[in-house]
Amino acid sequence: MKRYRNLILFFSLIGFLSCQSNSDKNISNDSLLIKKNIVTNTDLSDVSMLNLIVDPQSYNHKRVRVIGYLNLEFEGNGLYFHKEDYDNSICKNGLWVDMSRDSMRLPNIKKLIKNYVIVEGTFDTKTGHMGAWGGSIEKITRLEAWEPTVSPVEKKSSVHFPLSK
C-alpha cells in the first residue's frame, strides 16, 4: 500500500511540474506573437558578420543589418567577411544570400557584385547551398553599396606606428 501511495505522489508531482512548464511556454509564446506583429526600427540589429557566424542562435529569424563583400552567381550567392575570403573560397566566413535570379539581373544589383555592401534582411541559421555557409540572409529589404566615409581630418589625426626601428 505504501508503494502505491509513493507512486501516486510521484506521478502527481510530475503532472504538476509539466503543467507549470506548459503554462510558462504559453506565456512566452503569447509574448512572442505580440512582438512579431509589431515591427519597429528597433527590431533591426546592426551586427557584424563575425557575430552572426560565431553566435548564430542569438540572431536566428531576426532582422539584421550587416556589411560584407558580395558575390552573386549561380550556386554562389554569398556575403563574405572579407574580399580575401571570397578570393580563397572560404564560405564558412560568409553568409548565403537568398536572392532570385531575376533580382540578380537587375542593373542596380549587378553593379553591387564583387563590392562591399550593406544588407538588411532576416538572418537564418540555415547554412545555405550545400551546407557550406555560416548562415543565410533571407527576405532582403535593403542592398546597397557601402562606401566608408573617412574625412581628411580623421586621416591626418590617425597614428601610424613604424614597423621597425
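Please treat every number below as a calculation from the coordinates, not as lab data. These numbers come from a predicted model, not from an experiment. Note: ideal-geometry Cβ built from the backbone for every residue, glycine included; neighbour counts use all protein chains shown.
Return the loop-located chymotrypsin sites (Phe, Trp or Tyr not before Pro) in segment 69-138 (DSSP other than H, G, I, E, B) with at most 15 other Cβ atoms within 10 Å of their own Cβ; answer none if there are none.
Those that pass, being in a loop and sparsely packed, are PHE74.
Report, to one decimal in Å, the Kirkwood hydrodynamic radius for segment 41-145 based on all distinct Cα pairs. It would help to have the intermediate numbers written out before the result.
Values: mean 1/r = 0.0754 Å⁻¹.
So the Kirkwood estimate lands at 13.3 Å.
Out of segment 100-135, which trypsin sites (Lys or Arg not before Pro) are coil in DSSP terms and have no more than 10 other C-beta atoms within 10 Å?
Here the trypsin sites (Lys or Arg not before Pro) that fit, given the DSSP loop and packing criteria, are ARG105, LYS111.
Please count, across segment 41-145, the pairs of lysine residues with Cα atoms under 23 Å apart that sit 8 or more places apart or on different chains.
15
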